[in-house]
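Peer 1: Take this structure first; my questions come after.
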Amino acid sequence: MTRPSYSTMAKKKSGGWLESIKTIVYAALIAIGIRTVAFEPFNIPSGSMIPTLLVGDYLFVSKYSYGYSRHSLPFSPNLFSGRIFGALPRRGDVAVFKLPRDGSTDYIKRIVGLPGDRIQVRGGILHINGQAVRRDSLGPFTVEGDGPRMTVRRFLETLPALDGQPGVSHQILEATDDGPFDNTPEFRVPEGHVFAMGDNRDNSLDSRAMNAVGFIPVENLVGRAEFIFFSVDGSAAWWEVWGWPFAIRWSRLFTAVR
């Protein structure tokens, strides 16, 4: 019986390592491709979009919804300007975008103003093109998981119809109608830009803060939030394995973002 030589075994071993490396590289390229052209995961670290999105939600954002810009690629390389296959958001979309002032920080807010729109908040009520947006009271809501527990007011806000499509209805929170961003000047959204606000109106740094966020260039849009695939309430640390099942918000899994 002929035994395999040491050199033959060495070749097989090196060939096995090479195949493993190739598999890892191919898997990484496929993941980057999916992340670039299809879906990218994001998590919610703050409460600016409560009650729509909670701290600890993990969601997928569709990259194809608004077309592709340099911000569709990892690290936003300055390879080209503008958008390829570009499309404007629908008023009411929940979108991820790169913060205009640094081009790298991810924000997620609701798009309420499109190019040419006039946006103003008066007495806590959103006005679009001079018309007050309807909001219907839904009663009190207790905010948890984002600072001190507090009870605020919850409303169903219905944005105006656009191009024959019915207006989007979504829930918002208001602690007061006389906060820093509850009475603003009128903002006219420039061409090539959109205006975004958080659903937790008194706890959101958004387009109302012109020196911090302001108008969002369409080029900075990353994608539209589609659905929540995982959610935890933070009650169990990573090492508290026994608490994981109780920390998961099972009812939020695979729910659409609206």
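The values are calculated or read from the model by the stated rules, or taken from the named source; none is laboratory data. In this text, all values refer to a predicted model and were calculated from it rather than measured experimentally. Cβ coordinates were reconstructed from backbone atoms using ideal geometry, including for glycine residues, and neighbour counts include every protein chain displayed. All accessible areas refer to the heavy atoms of the entire protein, side chains included, with ligands and DNA or RNA removed. Shrake-Rupley method; radii C 1.70, N 1.55, O 1.52, S 1.80 Å.
Peer 1: Among the numbered criteria (1) without any contact (Cβ under 8 Å) to a residue 12 or more places away in the chain; (2) closer than 19 Å to PRO115 by Cβ, which single criterion is violated by TRP238?
Peer 2: (2)
Peer 1: Restricted to region 96-126, and to residues that are assigned to a strand (DSSP E or B), among the aliphatic types (A, V, I, L, M) and within 11 Å of PHE195 (Cα to Cα), which residue is farthest from the chain's Cα centre (by Cα)?
Peer 2: Of all residues in region 96-126, those assigned to a strand (DSSP E or B) come to 96-98, 106-113, 118-122, 125-126.
Restricting the remaining residues to those that are among the aliphatic types (A, V, I, L, M) gives 96, 108, 111-112, 119, 121, 125-126.
Filter once more, so that each one left must be within 11 Å of PHE195 (Cα to Cα): 111-112, 119.
Working: ILE111: 11, VAL112: 14, ILE119: 21 Å.
Ranking the qualifying residues of region 96-126, first place goes to ILE119.
Peer 1: Please enumerate the residues belonging to region 164-175 that are at pLDDT 95 or above and either under 15 Å from ILE111 (Cα atoms) or open to solvent by 50 Å² or more (accessible area, probe 1.4 Å) (or both). Steps first, please.
Peer 2: Step one: of region 164-175, the residues at pLDDT 95 or above are 169-175.
Correct list: SER169, HIS170, GLN171, ILE172, ALA175.
Peer 1: Hey, can you tell me all the residues within region 109-168 that are of a type in the set (Lys, Arg) and in contact with a Phe, Trp or Tyr (Cβ under 6 Å, 6 or more places away or on another chain)? Walk me through it before giving the result.
Peer 2: The initial filter retains those residues of region 109-168 that are of a type in the set (Lys, Arg), namely 109-110, 118, 122, 134-135, 149, 153-154.
Across region 109-168, the qualifying residues are ARG135, ARG154.
Peer 1: A follow-up question, please. Condition check: in contact with a strand residue (DSSP E or B) (Cβ under 6 Å, 6 or more places away or on another chain), closer than 28 Å to SER65 by Cβ and not in a loop (DSSP other than H, G, I, E, B). Does VAL152 satisfy that?
Peer 2: Considered against the rule, which asks whether it is in contact with a strand residue (DSSP E or B) (Cβ under 6 Å, 6 or more places away or on another chain), closer than 28 Å to SER65 by Cβ and not in a loop (DSSP other than H, G, I, E, B), VAL152 comes out as no.
Listed here are the residues, each with its yes/no results for (1) open to solvent by 50 Å² or more (accessible area, probe 1.4 Å); (2) touching a residue at least 24 places away in the same chain (Cβ under 8 Å); (3) over 18 Å from ILE44 (Cα atoms).
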residue: LEU162; (1), (2), (3): yes, yes, yes
residue: ASP177; (1), (2), (3): no, yes, yes
residue: ASP182; (1), (2), (3): no, yes, yes
residue: ARG188; (1), (2), (3): yes, yes, yes
residue: ALA196; (1), (2), (3): no, yes, no
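Peer 1: When residues of region 216-240 are filtered for being open to solvent by 10 Å² or more (accessible area, probe 1.4 Å), farther than 15 Å from ILE111 by Cβ and outside any loop (DSSP other than H, G, I, E, B), how many remain?
Peer 2: The total comes to 4.
Peer 1: Please determine, by comparing only the residues of region 241-258 that are in contact (Cβ under 8 Å) with a residue 12 or more places away in the chain and open to solvent by less than 70 Å² (accessible area, probe 1.4 Å), which one is nearest to the chain's Cα centre (by Cα).
Peer 2: Of everything passing the filter in region 241-258, VAL257 is nearest to the chain's Cα centre (by Cα).
Peer 1: Say whether the condition of being of a type in the set (Gly, Ala, Ser), open to solvent by 60 Å² or more (accessible area, probe 1.4 Å), more than 21 Å from SER65 (Cβ to Cβ) and modelled with pLDDT of 95 or more is met by at least one residue in region 201-215.
Peer 2: Our first condition is that a residue be of a type in the set (Gly, Ala, Ser); within region 201-215, this holds for 204, 207, 209, 212, 214.
Subset that is open to solvent by 60 Å² or more (accessible area, probe 1.4 Å): none.
There is no residue in region 201-215 that is of a type in the set (Gly, Ala, Ser), open to solvent by 60 Å² or more (accessible area, probe 1.4 Å), more than 21 Å from SER65 (Cβ to Cβ) and modelled with pLDDT of 95 or more.
Peer 1: Name every residue in region 85-101 that is at pLDDT 90 or above and open to solvent by 50 Å² or more (accessible area, probe 1.4 Å), in order of residue number.
Peer 2: LEU88, ARG90, ARG101
Peer 1: Which of the residues belonging to region 119-144 are in contact (Cβ under 8 Å) with a residue 60 or more places away in the chain and either among the hydrophobic types (A, V, I, L, M, F, W, C) or under 16 Å from PRO217 (Cα atoms) (or both)?
Peer 2: Within region 119-144, ILE119, VAL121, LEU126, PHE141, VAL143 meet the criteria.
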